[in-house]
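See below for the structure under consideration.
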Ligand code: PLP
């Protein structure tokens, strides 16, 4: 069978290959500490499960409107408006089968082939894949690290804008860095987007995974609502990664296009699951609160242990469930230099710790000399975190 040329441009999430390698190592009888995938081993809140099961039994098993059931669109518009200080109503919401589909749909709706889209590197690998798959030019922007954490290199970002730049993807509360923009950085990003008339994808998948205080959205800066699509997901806040439910939120004209893409692709998102999500938004909030407490405890255990290892240094992010420690010295001490794959394999075989490296989040940028790995603590309990990282500490020592 002939395969279309564009498939050569389709990327993937190579973290799934790390998962397969970890599974093979475990099947061979070894203990494995799964720090590689941003999946969650925390159960979905009971009230959400009950509501979804109840809806299924009550016959909510047929198609529903393409942009989602009106009750959920309405509740989500209210929730997002209140949390972000922006005014959205139901017509600004298109429910999706996960947050991820918003990325491709934003690109399809807002970018022509040949146009440039700015995206974060290190960053979620699907951005580059979708931009290139749809015939765009993916232009990576970079981060700098100081003692407190990672920040977008805004001067560098400015230098990347050309007359062909059509859009920018911003993942505030960022995977894999755990980075969060300061208010000043948000202002600068907003001015850049407005000055160059860019469409903006605000990937806010981790908006609600913040440990101290509230998150803030670029959509709330005057002028930004009209040019931004928010990627919302139920996956993280409600530990619903496998349920597949999210939303695109933004100006009605673009949301209508995205809903039309839904008609073509999926008809609608799963019907009874939307009733579970509605309960998540409007019902008892102790579930998401407990999820956040569990994650925070894990973060502190992991960060403390990582910083106790020679050759490793790790900021303590206030958001997301990812850590991105620097391991330049450790890799050099172990004789790996820049060979991330050999290092990760050695760590797995000698300690059982399965992790992703910087390479899973984009190609290294010119001049990049420091080395980093990513650990996710959403899919591994506190005891296992301790055991795994003590083994890694012994390896480092
Ligand atoms: N955006 C970022 C930055 C992510 O890390 C993820 C998932 O890990 C997603 C979007 C999509 O998540 P989902 O499709 O489960 O909503």
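The values are calculated or read from the model by the stated rules, or taken from the named source; none is laboratory data. Remember, it's a predicted structure, so these values are computed and weren't measured experimentally. A quick note on method: Cβ atoms are made from the backbone with ideal geometry, for glycine too, and the neighbour counts reach across all protein chains shown.
Here are a few things to note about the model shown:
- Failed item, numbered, when residue 108 is tested on (1) surrounded by fewer than 18 Cβ atoms within 10 Å (Cβ to Cβ); (2) outside any helix (DSSP H, G or I): (2)
- Residue 370 meets the conditions (1) surrounded by fewer than 18 Cβ atoms within 10 Å (Cβ to Cβ); (2) closer than 28 Å to residue 42 by Cβ in every case but one. The failed one is (2).
- Scanning region 264-275 for residues that are part of a helix (DSSP H, G or I) and either closer than 12 Å to residue 105 by Cβ or modelled with pLDDT under 95 (or both) yields 264, 265.
- Residue 200 in contact with a strand residue (DSSP E or B) (Cβ under 7 Å, 6 or more places away or on another chain), away from the ligand (no atom under 16 Å from the Cβ) and not in a loop (DSSP other than H, G, I, E, B): no
- Residue, nearest to the ligand (Cβ to nearest atom), within region 29-39, restricted to residues that are surrounded by 17 or more Cβ atoms within 10 Å (Cβ to Cβ) and closer than 19 Å to residue 386 by Cβ: 36
- Neighbours by Cβ (under 9 Å, 6+ apart or cross-chain): first from region 94-114, at negative phi; second part of a helix (DSSP H, G or I) and within 11 Å of the ligand (Cβ to nearest atom): 94/102; 96/102; 100/126; 103/126; 103/127; 104/126; 107/127
- For residue 189, the test of being farther than 15 Å from residue 321 by Cα and within 18 Å of the chain's Cα centre (by Cα) is failed.
- Of all the criteria given as (1) outside any helix (DSSP H, G or I); (2) more than 25 Å from the chain's Cα centre (by Cα); (3) surrounded by 15 or more Cβ atoms within 10 Å (Cβ to Cβ), the one not satisfied by residue 310 is (3).
- Positions within region 163-177 being touching a helix residue (DSSP H, G or I) at 6+ places or on another chain (Cβ under 7 Å) and within 9 Å of residue 204 (Cα to Cα), in sequence order: 170, 172
- Options 254, 303: the member that is more than 30 Å from residue 387 (Cα to Cα) and assigned to a helix (DSSP H, G or I): 254
- Of all residues in region 91-117 being farther than 18 Å from residue 204 by Cβ and over 20 Å from the mean Cα position of the chain (by Cα), the one that is nearest to the ligand (Cβ to nearest atom): 111
- Residues that are in a loop (DSSP other than H, G, I, E, B) and surrounded by 19 or more Cβ atoms within 10 Å (Cβ to Cβ), drawn from region 43-97: 44, 45, 64, 66, 67, 68, 69, 86, 88
- Pair list, Cβ under 7 Å, 6 or more apart: region 163-192 residue under 20 Å from residue 104 (Cα atoms), other residue part of a helix (DSSP H, G or I) and away from the ligand (no atom under 16 Å from the Cβ): 166/110; 167/110; 168/193; 170/189
- The number of residues in region 223-247 being outside any loop (DSSP other than H, G, I, E, B), in contact with a helix residue (DSSP H, G or I) (Cβ under 7 Å, 6 or more places away or on another chain) and more than 7 Å from the ligand (Cβ to nearest atom) comes to 7.
- For residue 205: the one exception among (1) more than 16 Å from the ligand (Cβ to nearest atom); (2) at pLDDT 95 or above; (3) closer than 27 Å to residue 292 by Cβ: (1)
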